[in-house]
Amino acid sequence: MAEQLNEQLRHLEQRFKSAGVNRRGFMKIAAGAAAGTATIDGVARYVGPGAVAQDEVEAGPDETFYNFALRNDPLSFDWNLNLYCNADVETFSGLLMFDADLNAVPDWAETFESNEDASVWTFNLRPDNQGWSNRTEQRPVTAGDFVYSFRRQLDPRNGAAYAGFLFDIQNAERFNTSTPNDDGTYTDADGEAVSAEDLGVVAVDDWTLEVTMQGPRGYFPQVVAYLAAYPSPEWAVEEFGSDRWALGGDVPLWSNGPFLLEAWEREVLVTLVPNPGHWNAENIRLQRVYDPIIPAESAILAYEEGEGTQQLDWVNVDAANLSRYEDDPELSEQLREYVYPGIWMLVPSNGIPPFDQIEVRRALSHAVDRTRVANITNGLAIEASCMVPIGVFGFLDDPALAEIQRFDPELAMEQ
């Protein structure tokens, strides 16, 4: 059990590395005693006049939704190479997705199962679909699309910054950290040849994907449900290249999500329309989605006074505006609250003095009053002692973890 836990921690460490956290930073996070300070969990408040339960919505044939504004123009729609491309996630779908309770449930994979020790996962895709579309043509979403996409992300030549999310797959880390050679081959850290074909990802047939892990990985469905496992269309990437296929404009975007990119007016507006080939198309109520590019500081004004495509039907309310909304008889009726699955933290650079000393980091951790920090957000945050948000797979409500991070000025001075 201890050996398996250590292996899981090593893989977790690799994910932090892929996000720019070094080993010392990871140990600071994982050990607890030297954890990042001022950790708080998010509670988001938003407003929307049409915010009612989903089963109460009856959409007309021309219903539109002016979505939560994109704060910045998308960099591209290529999730394989940039998880923070700021594109609309509704344009792509993976094997699985998260439901409202953050459980991994079927998306393009109609069913999924593992062997006895969860070291091999099998995903059965919805057969005979036409899920890929660029609004003029359609193609099926197949197991081969995911084989191609996983290989593409893990290929060191592509430099995908978040390839570490897939390191649970057999030989994924070995391939991703290998050295590309001029002749197109790859050499791993031990000087041995390695290739994409060595990855534990196999299309048994068009509708069956088999993924072999480095070892038991009972949590792999949670990884697959994340956008890091979205597919990309091989034919479009190979024809137009990674620098053009996902930029819209003169190259229509191929995607397989519930919505397709209809138009992209740079720095102004992204417009989406339903994908008729999506497996859940009959339940897509909205006929058009407008995502205006509006900076965060202007979003409230766009909600209250915006017109046309610059109107917002849904917007987060920041602490500066929350009291005004709560005190307004009309606006207060439009407020809704949900737990935002995110963590805000203070992570000092532990490679720079004095934070290279664990005693200093412990002192800082005990010196920060997380409850007070949360309170000054006007109810928009709650204190946290775990690096995983409440409600997300992996969250630990561990009193021991909270104890070693408790606010204690005297203990801080003793370090």
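A few comments on the model shown:
- Geometric extent, Cα atoms of the stretch 242-396 - Rg, Dmax (angstrom): 21.6, 59
- Stretching the chain fully between E305 and D250 yields a gain of 16.4 nm (0.36 nm per residue, less the alpha carbon separation).
- Close amide-amide hydrogen proximity is noted between V315 and V47, each under 5 Å apart and 5 or more residues distant or on a separate chain (H modeled in the peptide plane; Pro and chain starts excluded).
- All Cα-Cα separations within the stretch 78-240 were binned at 10 Å from zero, giving a P(r) of 10, 39, 37, 12, 1, each value a whole percent of the pairs.
- Of S76, S195, S232, the sequence from fewest to most neighbouring Cβ atoms within 10 angstrom is S195, S76, S232.
- Ranking of W207, W121 by count of other Cβ atoms within 10 Å, fewest first: W207, W121
- Highest average first, the peptides 280-287, 253-260, 164-171 ordered by how many other beta carbon atoms sit within 10 Å of their residues are 253-260, 164-171, 280-287.
- Inter-label distance for E337 and E210, nm, one decimal - labels placed 7 Å from Cα along Cα-to-Cβ: 5.1
- Fewest neighbouring Cβ atoms within 10 Å first, the residues I376, I390, I293 line up as I376, I390, I293.
- Length gained on full extension, A296 to A320, computed as 0.36 nm times the residue gap minus the Cα-Cα distance: 7.4 nm.
- Computed from backbone phi with θ = phi - 60° and the Karplus coefficients 6.51, -1.76 and 1.60, the 3J(HN,Hα) list for the stretch 363-374 is 4, 5, 4, 7, 8, 8, 8, 4, 4, 5, 4, 5 Hz; x is used for glycine and proline.
- The spread of Cα positions in the stretch 93-172, taken along each principal axis and listed from longest to shortest, comes to 37, 34, 24 Å.
- Between E414 and D328, the C-beta separation translates, for a Förster distance of 41 Å, into a calculated FRET efficiency of about 0.25.
- Label zone at D99 (point 7 Å along Cα-to-Cβ), backbone N below 19 Å, the stretch 205-228: 219-227
- Approximate spin-label separation D190-W344, in nm, with each point projected 7 Å along Cα-to-Cβ: 4.7
- Calculated SAXS-style log₁₀ I(q)/I(0) at q = 0.15, 0.17 Å⁻¹ - the stretch 183-322, Debye, Cα scatterers: -1.06, -1.18
- Nitroxide proxy distance, nm - points 7 Å out along Cα→Cβ at F240 and T111: 3.7
Any read-out appearing in this document is the output of simple, stated calculations on the displayed coordinates, not a laboratory observation. This is a predicted model, so every value here is computed, not measured. Quick reminder, even Gly has a Cβ in these numbers, built from the backbone with ideal geometry, and neighbours come from all protein chains shown.
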